Every structure is written in structure tokens, then in C-alpha cells.
Amino acid sequence: MRWLFLLPWALFLLGLSPLAFLEPSGQVERGLWLLALALALAAVASLYSRFPVAYGVQAFLVAGLGFLAFQAALESALLLTGAEASGFTVLGGFLGALALGGAFVLGTGKEAPLLPALEGVGGREDLLRLAGALEGLALRRPLVLVYLSTSAPPERLQGELRRGDLAFRLNGGYLLVLQGSRPEDAAGLLRRLKERFPLSAYAVERWRGGSLERVLARLEAEALLQS
């Protein structure tokens, strides 16, 4: 929206308002550095108004960076004019930090984005690399994990997954991470896989957060008991 794009620039100009009433006579060099920082923050904030995220997250991001631009611009103006700072000068930084915190809460809540799909089936190294992101996502958006003990070729297994689901090849099997799925979806996937591939064992868990290594160990142990 246009108003969201213009919001950080309005806050930037509001921060510079003391320059409209007072002549520059203070710390010019330091004031110019803060002015450049405020300009950069306003520019980045305006770009976030077109960022492809949920509107609530977008609004908090733009407002947070806009308030930080206001804070930097106001401090710049006070330094340039030699005016005394007051308690009001920290308001922009406080509101900016608050808004960015709101963006984080919204962005990692129901609006938490799914992880991008891998190119083909990943390995254990890929799984370990994504462990932190998966653990964080599972706290906000429960994931369905499916462990398969099968010798099916990775290419054929990949063809059975939905767009957005992740597959990792482990020793003796595969770990499937079904994003945005329900346990019923996993049951349907397992029925299809049983018809197409020899499955010696499998295990399913709705993961609601915690250590990836622990949940993987549970799945492997459950599959081992079946074999």
C-alpha cells in the first residue's frame, strides 16, 4: 500500500523537524553521519513495504525501521543545531524496537514461512544444516515427520511428495518433513508409498518442537522395532 511505503519517509522528515526552526551550529560531522544512517533506514523500510510476507508482519517491519529512522534523524537534527536532547528523543528507538519485536512474533507465529524446497533429496549434512530452522519452525507450526526404512530410489520417492515437502536420505532410510500437513495427510502418503515401494518399516510423529536429534532417534527406534 502507498501509505505504508510513505510512512518511513514521513517519520524521517518528522525527525528532521528541528532543522526547520534552528540554524545548524552544533556537531556537523557526527550529525551528518546520523543523517546518512536515518536516510538508509528509511530507504530499507520503504523497500520492506513490498516484501512478500503477510501484511501484519510487513506493517510491523516498516513501522519498526521507520521509527528507528525517526530516532536517527532526530538525533542528527539535535546535533546539527546544538539543541539539548530530552526524554522524548528515545521514544523513536523504543517504538522501533517494540515494532520489530512484534514483526518477529508475527513472523514466527501462524505467519511463519515454510522452508524452501530442496533440489531433490537431501542428505544428512543438509538435514543438520537445516536443524535450527526446522526446530524454530516446529515451535510455531507443527510439522509431520515420516521416517521410512526403504531402498526406494531418491528420484522416485521425490516424485511422490507434495510441493514444499522435504526429504532427506539417511543411513538405511529416509526422513520426510511434511510442512503444513496433518497426520491424515501422512497416512495417505504412506498408503501410496506402500503401493509403490517396499517399506520394511516406518514411523510417524507430529513434531511440536524440541531437539531434532531426539525426535529422529525416536523415529528410528520405532522403525527398528517394526523391522
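The values are calculated or read from the model by the stated rules, or taken from the named source; none is laboratory data. Predicted model, so just to flag it, every value in this text is computed and none were measured. Positions of Cβ are generated from backbone atoms using ideal geometry, with glycine treated the same way; all protein chains shown enter the neighbour counts. Calculation scope for accessible area: heavy atoms of the full protein, side chains included, ligands and nucleic acids excluded. Shrake-Rupley method; radii C 1.70, N 1.55, O 1.52, S 1.80 Å.
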> So what's the angle, to the nearest 10 degrees on a 0 to 90 scale, between helix 28-48 and the longest Cα principal axis of the chain?
Replying inline: 40 degrees
> Share of antiparallel DSSP beta bridges in the chain, in percent to the nearest 5?
Replying inline: 95 percent
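If you put +1 on each Lys and Arg Cβ and -1 on each Asp and Glu Cβ, how big is the dipole of the chain around its Cα centre, in Debye rounded to 20?
So the magnitude is around 820 debye.
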> Using unit Cβ charges (K, R positive; D, E negative) and no other charged atoms, how large, in debye to the nearest 20, is the dipole of the range 135-227 about its Cα centre?
Replying inline: 260 debye
> In what sequence, largest accessible area first, do 213, 135 appear using a 1.4 Å probe?
Replying inline: 213, 135
> Classify the chain: rounded, prolate or oblate, from the alpha-carbon gyration tensor (a ≥ b ≥ c, eigenvalue square roots; a/c under 1.5 rounded; otherwise prolate if a/b is larger than b/c)?
Replying inline: prolate
>> As I understand it, the value is the acute angle between the Cα axis of helix 212-226 and the longest principal axis of the Cα atoms of the chain; what does it come to in degrees, rounded to 10?
In response: 10 degrees
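On the accessible surface of the chain, probed at 1.4 Å, how many percent belong to carbon and sulfur atoms?
Of the solvent-accessible surface of the chain, carbon and sulfur hold 62 percent.
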> Which one of 221, 127, 190 has its Cα pushed farthest toward the positive end of the charge dipole of the range 124-225, where Lys and Arg give +1 and Asp and Glu give -1 at the Cβ?
Replying inline: 190
> For the range 124-225, what is the accessible area per residue in Å², given a 1.4 Å probe and the full set of protein chains?
Replying inline: 53 Å²
